[in-house]
Amino acid sequence: MSDRAEMKGPATRRRRTTISGAAGAAPPPTAKQANGSKWHDAGQKPPQCPAKAKTGEVSRYASNNGKVDREADRHMTHSPRRQKTMVEEINERLSCHVLQESLLSSASGYSNYRGILNWCVVMLVLSNARLFLENIIKYGILVDPIQVVSLFLKDPYSWPAPCLIIVSNVFILAALYTERRLAVGTISESTGLLLHFFNLSSLMIFPTVTVLTVDSMTPVGALLSLTIDTVLLLKLYSYQDTNRWCREIRQAKAKRLTRSYSCPSVAQSNGSAVHSHVSYPGNLTHRDMYYFVFAPTLCYQLNFPRSSRIRKRFLMRRLFEMLFFTQLLVGLIQQWMVPTIQNSMKPFQEMDFSRMMERLLKLAVPNHLIWLIFFYWFFHSSLNFVAELMQFGDREFYKDWWNSETVTYFWSNWNIPVHKWCLRHFYKPMLRRGVNKFLAQTAVFLVSAFFHEFLVSVPLKMFRLWAFMGMMAQVPLAWFVGRYLNGNYGNAAVWMSLIIGQPVAVLMYVHDYYVIHYGSTAHVPTAHT
């Protein structure tokens, strides 16, 4: 102890003398100052100590540092700013398990499956790329844009489909002039109802007779013209219905038409106030009529929500999508659908059920892909393009039908314009007349099945009722899915009905079409299997 004390004492004294000499009349050093913090705070470099004092100083610094660390630990332990107590830390070390469910279990509440969704998309792209490459290797390039023109025009000097579309202006003007006569009281309500019935019936009968009797009418051209006439039929029915409600309000001494009588209230935003408010009968003009005819809606009202301006960049994006997806649809149909359908005729002829099922599943992939592309092309790109061009404010053309857990939810949300028309002009009027909901829903499916069959059978000039039965089969399917399936199982059932149901109807119609036009399936031109 004496040796070390003798070494330590002079070293310490020399250290103090050095510090006091450097700092002037400074107080005796403390443990904190011995640790060099004073020099650090002052921004100065501490003086060097003699070499023989280094050993004692190092031990002293180590001893002082240990004291400071222990004091800091005690201070941190008793500090209120510390987030966890020592007991909590120990408990955390002792227990590492809690009551919880696996992520893939529905009880866990976990919903972020974005990685799995991306994986599904990648697998879908790779599998379809393999099928498409196999198709190219087997059949070569089958895409022929010139052939598309022949689908619309059989005779280059005869254009019956465009003529039918032009003639439809007669029915539009007939509905407008009938409403004008009713507004001024020139004709009675019963006479106006009879005139509207005759006009709408002619709108259905005249194109049908033309398609069935004119030989130069192609199936695709007939489908296009009949689809436009069907849309026009629904529009004109809504037009006369809404104007009749306006007359009923006027007869009830109402001074001004409120929006709630013509449609559900829509907030006047996005520049709707820029356009003047129209009241009945000021809406009975050619401008108003043709705006409604070209607007992307089937339900008429006197004052539509309008956007403040036309967004040119948005318009150009939708136009580019329309052109791109049109070419993609044509290419996929020619390259993928047509060979698969042709190769399916022989199994149907021989009633080879295993081969029929194989061909059906093979057709389901391109058919479903084409249907999805068509949905985006029509309901998003095309309708948004028309709406933007006309400054039409209501852009809800579809909802989240892909999340459908019931069949009725799908049919209510994948085509909003048709759903609004059915709800406003067919379903709710039936409920007001005392019809129960199930019969009203069945009647809606019945009308939808009729138009589906009409738009397929008349252009093909044959009546097989496959589309009608397919739509009516949705009624028991909707009951079964709604009663026994829910959640993900119901959603899977809806997807299965879409993926499998459509190819079945396509094969049925194509088979019957070839049988009628070629006499037997033996004469059907088939591609290499």
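The values are calculated or read from the model by the stated rules, or taken from the named source; none is laboratory data. Being a predicted model, the structure only gives us computed values, none of them experimental. Quick reminder, even Gly has a Cβ in these numbers, built from the backbone with ideal geometry, and neighbours come from all protein chains shown. Ligands, DNA and RNA are excluded from the accessible area calculation, which covers all protein heavy atoms including side chains. Shrake-Rupley method; radii C 1.70, N 1.55, O 1.52, S 1.80 Å.
Sorted on the mean count of surrounding Cβ atoms within 10 Å across their residues, most packed first, peptides 103-110, 224-231 read 224-231, 103-110. Only protein atoms count toward the accessible area here, which uses a 1.4 Å probe; on the range 334-418, the carbon and sulfur part of that area reaches 66 percent.
In this simple spin-label approximation, S201 and S158 carry label points 7 Å from Cα along the Cα→Cβ vector, and these lie 2.9 nm apart.
If each residue of separation counts as 0.36 nm, what is the full-extension length gain between K312 and T442 once their alpha-carbon separation is subtracted?
Numbers: separation 130, 0.36 × 130 = 46.80 nm, distance 4.36 nm.
Extra length from K312 to T442 when fully extended: 42.4 nm.
For the range 337-418, taking Cα atoms only, Rg and Dmax work out to 18.0, 56 Å respectively.
Assign one of three labels to the range 277-359, namely rounded, prolate or oblate, based on the Cα gyration tensor with a ≥ b ≥ c the square roots of its eigenvalues; rounded applies when a/c is under 1.5, prolate when it is not and a/b is larger than b/c, and oblate otherwise.
Values: a/c = 5.02, a/b = 2.37, b/c = 2.12.
Cα axes put the range 277-359 in the prolate bin.
Under the simplified labelling scheme, the F294-A473 pair shows an inter-label distance of 4.2 nm, with each label point 7 Å from Cα along Cα→Cβ. Listed peptides 349-355, 113-119 appear in the order 349-355, 113-119 once ranked by packing, highest mean of other Cβ atoms within 10 Å at the front.
For the listed residue pairs K235/K312; K138/K346; K138/K362; K399/K420, the alpha carbons are over 21 angstrom apart in K235/K312.
Can you classify the range 378-517 as rounded, prolate or oblate using the Cα gyration tensor, where a ≥ b ≥ c are the square roots of its eigenvalues, rounded means a/c under 1.5, and otherwise it's prolate if a/b beats b/c and oblate if not? Could the numbers behind the result be given before it?
Details: a/c = 1.37, a/b = 1.14, b/c = 1.20.
Rounded, because the longest to shortest axis ratio a/c is under 1.5.
If eta is 1.002 mPa s and T is 20 °C, what Stokes-Einstein diffusion coefficient results for the range 386-429, Kirkwood Rh from Cα pairs, in µm²/s?
Once the numbers are plugged in, D ends up at 185 µm²/s.
Would you please give the FRET efficiency between R114 and I373, computed as 1/(1 + (r/R0)^6) with r the Cβ-Cβ distance and R0 = 25 Å, to the nearest 0.05? Working shown, then result.
Details: r = 23 Å, r/R0 = 0.92.
About 0.60, to the nearest 0.05.
For L465 and D400, FRET efficiency with R0 = 25 Å and r from the beta-carbon atoms, rounded to 0.05?
0.20
Give the Debye-formula value of log10 I(q)/I(0) at each listed q (0.10, 0.14 Å⁻¹), with one equal scatterer per alpha carbon of the range 370-451, two decimals each. Treating every Cα as an identical point scatterer, log10 I(q)/I(0) equals -0.30, -0.58.
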